[in-house]
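Participant: The structure follows.
The values are calculated or read from the model by the stated rules, or taken from the named source; none is laboratory data. Here the structure is a predicted model, which is why all the values come from computation and not from measurement. Cβ placement follows ideal geometry from the backbone for every residue including glycine, while neighbour counts extend to all protein chains displayed. Accessible surface areas use protein heavy atoms only, side chains included; no ligands, DNA or RNA. Shrake-Rupley method; radii C 1.70, N 1.55, O 1.52, S 1.80 Å.
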Amino acid sequence: MPVAGIRPGTPEQPADLVVRNAKVHTNDPGRPQATAVAIRDGVIRAVGEDADIAALVGPHTRVVDALGRRVVPGLNDAHLHVIRGGLNYVMELRWDGVRSLRQALAMLREQAERTPPGQWVRVVGGWSADQFAERRLPTLAELNAAAPDTPVFVLHLYQSALLNKAALRAAGFTRDTPDPAGGQIVRGHDGEPTGLLIAAPGALLLYSTLAKAPTLDEADKLDSTRHFLRELNRFGLTSAIDAAGGFQAFPENYGTVMELARRGELTLRIAYHLFPQTAGQELDDLKRWIDTVRPGEGDEWLRLNGAGENLTWAAADFENFTEPRPQLGAYESEFEKAVRLLMENGWGFRLHATYEETIRRDLAVFEKLAAEGLFPQGNRWLFDHAETVGGESLDRIAALGGAVSVQNRLSFQGEAFVSRYGAAAAAEAPPLRAMLDRGLTVAGGTDATRVSSYNPWVALHWLVSGRAVSGRRLAAEHNRLDRAQALELFTLGGARLTGEQDVKGRLVVGSYADLAVLSADYFTVEEADIAHIESVLTVVGGRIVHAVAEHEGLAADLPAISPEWSPVARFGGYQASPAPGLAGAAPGLAGARQADRVLEAAAASDEQYAWRLARGHAVPGQSAAPQDPCFL
């Protein structure tokens with residue numbers, strides 16, 4: 001039907017979808033701004049002003065009025081554990097975005113009551129104690145009080161995990177369970193495990209414990225992944241590079257996204273990596289994969305991008321910033337064999353490397369192979385993380401044709417990083433400006449779901465502001481990006497890592513029709529409000545995959561979440577809160593926020609009264625009396 005004065009005509013090739021009356025940021029220097037985009041057959045056919053695009057509207061064209069909102073290219077997370085995250089999403093209680101420990105524990109308590117016998121309550125990443133008003137972790141006593149009978153597993157970054165007594169029993173931990181290499185089972189005076197597991201510094205103990213929890217059946221894995229992809233679409237994500245990871249075996253754990261791709265049901269484009277799972281078997285895994293698949297195989301929805309983010313386990317430098325930097329043993333011999341095998345067979349790769357000391361050792365291996373002509377050779381390769389990489393190493397990366405993928409891990413781990421390495425080191429971690437000044441390809445990601453949140457706007461806020469979720473500004477002014485630069489890392493940056501920069505990351509004719517209509521204008525909102533942006537309309541390949549607010553109903557509904565007791569079915573995913581500036585807030589939102597604060601204050605008063613009552617400073621049955629002696 002006609003929309004705001006546009007009347008259907010009979011163009012020779014009418015658009016399938018037109019988004020008009022928008023503030024379009026194209027990422028194209030030749031035409032940086034527009035007001036309308038026309039899409040046909042999943043590809044952008046025209047970008048321009050509303051009047052220009054009107055000629056492409058036919059009788060069956062869907063016309064979406066963006067109502068003056070900002071439109072950006074679909075976001076691309078260059079380091080997201082999307083496959084593993086999808087397999088587990090509906091079983092996890094997400095504390096992403098929760099602002100107080102009190103609320104987090106209330107969610108956990110309710111979920112424990114809803115969880116059937118034999119199942120666990122799992123809080124797995126996406127949050128930090130620094131985001132809570134209380135600035136602390138839950139105690140083991142609080143977990144046991146909240147869930148006396150249901151196993152509870154709470155993962156905190158790469159640092160630790162908390163288990164209640166029921167989870168210790170379910171996981172089989174006893175006084176006789178030995179500490180694994182790189183991990184610590186904290187014990188009480190009686191020698192029994194307390195429920196605290198520490199990555200010291202390796203996270204294998206944390207993840208192997210989580211792996212003991214029940215898994216979903218195949219049908220529920222499909223639904224879980226569908227709902228996780230739709231949750232990512234909620235924030236304007238249209239592409240991601242899966243960084244593989246531990247407990248993600250190929251091909252077994254890739255079957256779910258492959259089946260969704262076969263059915264045409266993916267709502268996110270995925271380029272995936274392959275990660276050897278067993279120490280001592282890495283070369284055998286790589287050889288088998290090289291004989292089975294090749295980078296680039298697949299299509300624009302699901303394709304292999306290379307190996308990593310580990311090639312050999314011995315070369316991984318785990319980053320629990322509350323622990324000293326790991327002192328790696330000799331790993332170069334097997335590592336060189338793995339890199340040689342990949343480069344000789346046309347495989348790119350990505351490498352987990354947090355510390356400058358590790359990066360230097362890796363580069364020495366690459367330079368040895370470069371003397372034989374294997375670097376640079378056109379195979380895409382990159383370092384992930386690189387928080388403490390130095391300028392000389394960046395020069396060497398550039399000379400070898402490498403790239404860097406950075407994540408906002410310091411949003412969540414920044415306070416721990418400062419405590420160990422100091423504010424000056426945190427100001428340059430990672431050295432974004434030095435990377436860009438050298439002309440390196442730099443891409444932005446989150447490293448979700450077991451450390452940072454999957455919300456890309458939290459990461460974009462960090463790139464722009466340099467602030468951790470605690471509110472503390474970590475990054476030096478010269479090491480922060482302007483908003484266009486940050487957005488480019490989350491659009492074109494990821495596209496360059498997969499060789500798709502000609503069809504992805506910009507809104508230009510011939511590119512994939514991937515875009516997001518934003519809830520607030522990224523380029524003009526207050527800096528603090530960036531982290532609160534969401535998408536009101538997300539389009540992938542010309543298909544509307546997420547639609548809320550004035551566009552409610554334009555995206556197909558998903559099946560109900562299964563199982564019924566799923567934490568996501570009750571609480572949803574990321575816990576959004578009103579932006580500090582309330583920019584673009586709906587009428588009444590400020591009042592609702594004020595009411596929430598009154599309730600929080602009342603709850604805090606109740607807690608204070610209970611504390612006084614327990615210590616004999618109040619009389620049972622009487623209301624809390626003022627404690628100021630002026631009123632006595």
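Participant: What whole-number distance in Å separates the alpha-carbon centres of the range 212-259 and the range 440-497?
Facilitator: What the calculation gives is 23 Å, centre to centre.
Participant: With the cut-off at 1.5 for a/c, could you classify the range 84-150 from its C-alpha gyration tensor as rounded, prolate or oblate?
Facilitator: Here the range 84-150 falls in the oblate category.
Participant: About its Cα centre, how strong a charge dipole does the range 389-487 have in debye, to the nearest 20, once Lys and Arg get +1 and Asp and Glu get -1 at the Cβ?
Facilitator: Dipole of the range 389-487, to the nearest 20 debye: 240 debye.
Participant: Per residue, how large is the accessible surface of the chain? Use a 1.4 angstrom probe and give square angstrom.
Facilitator: 39 Å²
Participant: Which whole-Hz ³J(HN,Hα) couplings does the range 518-530 yield from phi under the Karplus relation 6.51 cos²θ - 1.76 cosθ + 1.60, θ = phi - 60°, glycine and proline marked x?
Facilitator: Result, rounded to whole Hz: 8, 5, 8, 6, 3, 7, 10, 5, 4, 3, 5, 7, 4.
Participant: Still on this structure: Nearest 500 deg cm²/dmol is fine: what mean residue ellipticity at 222 nm does the chain get from its DSSP H runs of n ≥ 4 alone, each adding -39,500 (n - 2.57), divided by its residue count?
Facilitator: So the calculated ellipticity at 222 nm is -9000 deg cm²/dmol.
Participant: So who's got an amide H within less than 5 Å of the one on residue 237, skipping anything under 5 residues away but keeping other chains? H placed 1.01 Å off N, in plane.
Facilitator: For residue 237, the qualifying residues are 75.
Participant: Now, a different point. Accessible surface of residue 509 in the full protein assembly, 1.4 angstrom probe, to the nearest 10 Å²?
Facilitator: Using a 1.4 Å probe on the heavy atoms, I get roughly 100 Å².
Participant: For the range 302-318, just list the computed ³J(HN,Hα) in residue order, Karplus coefficients 6.51, -1.76 and 1.60, θ = phi - 60°, integers in Hz, with x standing in for Gly and Pro.
Facilitator: These are the phi-based 3J(HN,Hα) values: 8, 8, 7, 10, x, 9, x, 8, 10, 9, 9, 5, 5, 8, 7, 9, 5 Hz.
Participant: Within the accessible area of the chain, what % is carbon and sulfur when the probe is 1.4 Å and the other protein chains stay in place?
Facilitator: 51 percent
Participant: What is the set of long-range amide H partners of residue 302 at a cut-off below 5 Å, with H atoms built 1.01 Å from backbone N?
Facilitator: HN-HN under 5 Å from residue 302: 270.
Participant: What list of ³J(HN,Hα) couplings, whole Hz, do you get for the range 383-398 from phi and the Karplus terms 6.51, -1.76, 1.60, once you set θ to phi - 60° and write x for glycine and proline?
Facilitator: The phi angles translate into 9, 9, 5, 6, 4, 10, 4, x, x, 5, 5, 4, 4, 5, 4, 4 Hz.
Participant: Could you order 52, 16, 502 by accessible surface area, starting with the largest, using a probe radius of 1.4 Å?
Facilitator: Largest accessible area first, the residues go 502, 52, 16.
Participant: Going from most exposed to least, what order do 176, 41, 384, 28 have by accessible area with a 1.4 Å probe?
Facilitator: Sorted by accessible area, descending: 176, 41, 28, 384.
Participant: Between the range 97-145 and the range 361-410, what's the alpha-carbon centroid distance in Å?
Facilitator: Distance between centres, Cα-based: 39 Å.
Participant: Rounded to the nearest 5, what % of the DSSP beta bridges within the chain are antiparallel ones?
Facilitator: Numbers: 36 of 73 bridges.
So the antiparallel bridges in the chain amount to around 50 percent.
Participant: Okay, moving on. Suppose accessible area is computed on protein heavy atoms with a 1.4 Å probe; arrange 321, 523 from highest to lowest.
Facilitator: Ranking 321, 523 by accessible area, largest first, yields 523, 321.
Participant: OK, next. Determine Rg/Rh for the range 236-275; Rg is computed over alpha-carbon atoms and Rh is the Kirkwood hydrodynamic estimate from the same atoms. Before the final figure, lay out each step's value.
Facilitator: Numbers: Rg = 10.5 Å, Rh = 10.8 Å.
Value, to two decimals: 0.97.
Participant: Taking the dipole about the Cα centre of the chain, with the C-beta of Lys and Arg at +1 and of Asp and Glu at -1, give me whichever of 147, 261, 25 is farthest to the positive side.
Facilitator: 147
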